[in-house]
Every structure is written in structure tokens, then in C-alpha cells.
Amino acid sequence: MNYYKMLGMDREPFSTSPDPHFFYDSQEHKAALMRILIEVRLKRGLSVIMGDVGTGKTTLCRKLLQLFKERENVEFYIILDPAFKTEELFIECLIRTFGITMEKEQPNILDYKEAIKNFLYRKGVEENKTVVLLVDEAQKMDSSSLEVLRMLLNYETNEFKLLQLVLVGQMELMVQLKSMRNFVDRIGLKYILNPFDIREVKGMLDFRLKKAGYESHTDLFDPEAIEEIYKITQGYPRRVSMLCHNALRELVITESKTVSYEIINKLVSKEVFI
């Protein structure tokens, strides 16, 4: 039997997989979501979300996917790994992502670009749809791929951009963008995700345990344990999840009632959570 079932839960509460079901609406993530939604609704074009490893960027992406899929007038597309060696490979990826069918049997790069332009005009003008493209791990993109995206941002009517582009990546993404002056000038929204404070760490624990089906009135984490979790993880959501996963497993193994400071300290001394 899985440890979480022994604690009265139906699901793993601290998986590091980017499941939107376990998306904790912290102040940081709530602010990022609201800003992106506003930018997309106004059809401003380019939004950039950045953060260190483990700040919850990919989970934010999945939450956006969930939110936009619920809107009939929005067509949402996502690229998870944008590391392409050539401009043509990246454009071919866009063709597949948008589901565009090429009429020519052996199209060239100009045919691809024309097809994407026609696709965006058809969706945005004729069908009155909002086309959103989210690129996760955007720091992996090279200058040729960024140049393709810059070209797509040029497609617009007198009133709005035909493509709403959301780039999500690590902090070095901004260095890449700043090296392309004609790209960085197009950024409508720039937002940096920061780690949680101690209040949000506790909120994340309570939220995830509840989502996993925990209904007991007994707190599984002592206040001292939560303070130590915050101190060790510095509030990075992924680190918090990894440490708490091992803490609950240790709770079952030792047949303890709550996760104590001693349990957290023991795990950290063994570097079990890394």
C-alpha cells in the first residue's frame, strides 16, 4: 500500500509533476496568472514569465492550459521543449503545433511562413479567435527561433496582435531577449516568479493535503517542522514538495503521528530530499 493511503489520502500530495489539480494559488502565481490573462484578453502580444529552477513555472503553464481550454474563443497551443538547431526545424514544429495542413508535397521555408501567416489571419480575423502560443523552457531557444517569433508578432490588425505569445523560462532568458533589441521592445508583460514566504509554504502544505483527500483534524506537520522546511527549501515549491514527500514517508515508517522538526532534520542530514 502507498504511504499516502495509510495516512487517509487518495493521491500523492507532494508529487513534483506539474499537475494543475495541485496548483497552489500563491500571491506570486495568482499575480502572474492574472497579468497573463489580462494581456491575452487585450491581445497585447508578448508576455514573458521568468523564475529560478523550482519556482513552479511549468505548473503555471499547465494551469494556463487548463484555463484557456475552457474558453471557446481561445485556441491555446504549447511547446514544451523549444531547443531546435535550425530555423526550419522550429518552423516545422510550429506547423505541427498549430495543426496546419500544407498543400504542397514538398514545401519550403517560405511556404511554411506564409501558411502560418494565413492561419493566424484566418483564426484571428475571420473566426474571431484568440490564438495563444506558450513556450515553456524558453531559455533553450536560439536567436533564429526567437527571430521567427518576432516575425509572428508583426502580424496584426489595426487593433490587435494576431498571436498572443507567452514565453516562460529561467532567468537567463532575459539576457537572450535583451541581446535582440527589436524583440525586447515588444514585451508587454514581464513578470518574475519568486519563492514562497513561510505563510505560503504552510498554505501550500494545507492545500495539497486537502486536494489529496486528507480530512483529519490533526495537522500532519508541526509548526516547528514547517519553519524548518521553509528554512531548508528557501520557499522553492519544488524543493518543498520533495522534502514533504519524504517527510510523510518517514512519518509512516516511524509510525509517528505528525512530522516533527526532528524528522525534517533527520532527512536533511541524510540529504534524502535532494
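Every number here is computed from the coordinates shown, using simple stated rules; none is lab data. Values in this document were obtained by computation on a predicted structure and should not be read as measured data. Virtual Cβ from ideal backbone geometry, glycine too; neighbours counted across all protein chains shown.
Describe numerically, in nm with one decimal, the distance between label points set 7 Å from Cα along Cα→Cβ at Asp10 and at Ile232.
My value for the distance between the label points is 3.0 nm.
Given Ile38, Leu173, Val125, which one lies farthest toward the positive end of the charge dipole of the range 27-193, if we put +1 on the Cβ of every Lys and Arg and -1 on the Cβ of every Asp and Glu?
Of the options given, the answer is Ile38.
Find which of Val53, Leu248, Val259 sits farthest along the positive direction of the dipole of the chain, computed with +1 on the beta-carbon of Lys and Arg, -1 on that of Asp and Glu, about the Cα centre.
Farthest towards the positive pole: Val53.
Taking 0.36 nm per residue of sequence separation and subtracting the Cα-Cα distance, how much length would be gained by fully extending the chain between Arg122 and Glu103, in nm to one decimal? Kindly include the intermediate steps, with their values, before the conclusion.
Working: separation 19, 0.36 × 19 = 6.84 nm, distance 1.62 nm.
Answer, rounded to one decimal: 5.2 nm.
To the nearest 20 debye, what is the magnitude of the charge dipole of the range 27-193 about its Cα centre, counting +1 on the Cβ of each Lys and Arg and -1 on the Cβ of each Asp and Glu?
Numbers: 25 positive and 24 negative charges, 123 e Å.
With only Lys, Arg, Asp and Glu charged at Cβ, the dipole is about 600 debye.
Work out how much length Glu156 to Ser143 would gain on full extension: take 0.36 nm times their residue separation and subtract the Cα-Cα distance, in nm to one decimal.
Details: separation 13, 0.36 × 13 = 4.68 nm, distance 2.23 nm.
Taking Glu156 through Ser143 to full extension adds about 2.4 nm, to one decimal.
Report for the chain the percent antiparallel among DSSP-assigned beta bridges with both residues inside it, nearest 5. List each step's numbers first, then the result.
On the way: 1 of 24 bridges.
Given both bridge residues lie in the chain, the antiparallel proportion sits at roughly 5 percent.
With a/c under 1.5 counting as rounded, go ahead and sort the range 26-139 into rounded, prolate or oblate using the C-alpha gyration tensor (a ≥ b ≥ c being the square roots of the eigenvalues; past the cut-off, prolate if a/b is larger than b/c, else oblate). Could the numbers behind the result be given before it?
Working: a/c = 2.62, a/b = 1.47, b/c = 1.77.
Cα axes put the range 26-139 in the oblate bin.
If the cut-off is a Cα-Cα distance under 21 Å, which lysines reach Lys161, setting aside same-chain residues fewer than 8 apart in sequence?
Leaving aside lysines fewer than 8 places away in the same chain, those within reach of Lys161 are Lys43, Lys69, Lys113, Lys117, Lys123, Lys129, Lys190.
For Thr86 and Asp25, what does the FRET efficiency come to when R0 = 45 Å and r is the distance between their Cβ atoms, rounded to the nearest 0.05?
Details: r = 40 Å, r/R0 = 0.88.
According to the calculation, E is roughly 0.70.
Going toward the positive end of the dipole of the chain, with +1 on Lys and Arg Cβ and -1 on Asp and Glu Cβ, which of Phe84, Leu146, Phe221 do you reach last?
Result: Leu146.
With angles folded into 0 to 90 degrees, how steeply does helix 87-98 sit against the dominant principal axis of the chain? Use alpha carbons for both and round to 10.
Value to nearest ten degrees: 70.
Between helix 223-233 and the chain, what is the angle of the helix's C-alpha long axis to the longest principal axis, kept within 0 to 90° and rounded to the nearest 10?
Compared with the principal axis, the helix lies near 40 degrees.
For the Cα atoms of the chain, what angle does the longest principal axis make with the long axis of helix 57-69, in degrees from 0 to 90, nearest 10?
60 degrees
Which whole-Hz ³J(HN,Hα) couplings does the range 116-125 yield from phi under the Karplus relation 6.51 cos²θ - 1.76 cosθ + 1.60, θ = phi - 60°, glycine and proline marked x?
Per-residue couplings from phi come out as 5, 4, 5, 4, 5, 5, 5, 5, x, 9 Hz.
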